[in-house]
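Notes follow the structure.
The values are calculated or read from the model by the stated rules, or taken from the named source; none is laboratory data. Here the structure is a predicted model, which means the values were calculated and not measured. Here the Cβ positions follow ideal geometry from the backbone for every residue, glycine too, while neighbour counts run over all protein chains shown.
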Amino acid sequence: MTKFLVLYRSSVSAAEQMSSAEPEAGAASMQAWMDWNARAGDAVVDLGSPTQTVADGEPGSFIGGYSIMQAESLDELQRVLADHPHRGWGGTIEVLEMLEIPGA
C-alpha cells in the first residue's frame, strides 16, 4: 500500500476562511469533511489539520491543510478524492507520494 501526502491548496488562507465563516457555514463545512472522511474509509491514515504559513510562503497561494492517505495506486486515490469537498469550494488538491527512505 502506498502512502500519499495530500495538500489542500487555496487562494485564501485557512485562518482567514475559518475566521470569516458564519458559525452555520463552519458547521456545514466540517460536516462535509466528516461525511467525505466516512466515505473514504481506510484510505485516510490521518485526516490532518488546517495549516497556516508562518515563513517563506508563496504569495497568493496557501496550503490550507493536509491529510495522509493510502491506496494501492494513484488512480485509486484519485477516485477517493474525486468528490472531496475542498474541490467543491474552489480549492485544488496536490498529491505527493511518500517514498521509503533507503536503508531505514
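A compact table of results
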| quantity | calculated |
| --- | --- |
| Unmet criterion (only one of (1) assigned to a helix (DSSP H, G or I); (2) exposed (fewer than 15 other Cβ atoms within 10 Å of the Cβ); (3) modelled with pLDDT of 90 or more) for Ala15 | (3) |
| Number of the condition not met by Asp46 [criteria: (1) touching a strand residue (DSSP E or B) at 6+ places or on another chain (Cβ under 6 Å); (2) surrounded by 15 or more Cβ atoms within 10 Å (Cβ to Cβ)] | (2) |
| Given (1) surrounded by 14 or more Cβ atoms within 10 Å (Cβ to Cβ); (2) free of Cβ contacts under 8 Å to residues at least 40 places away in the same chain, index of the condition Gly65 fails | (2) |
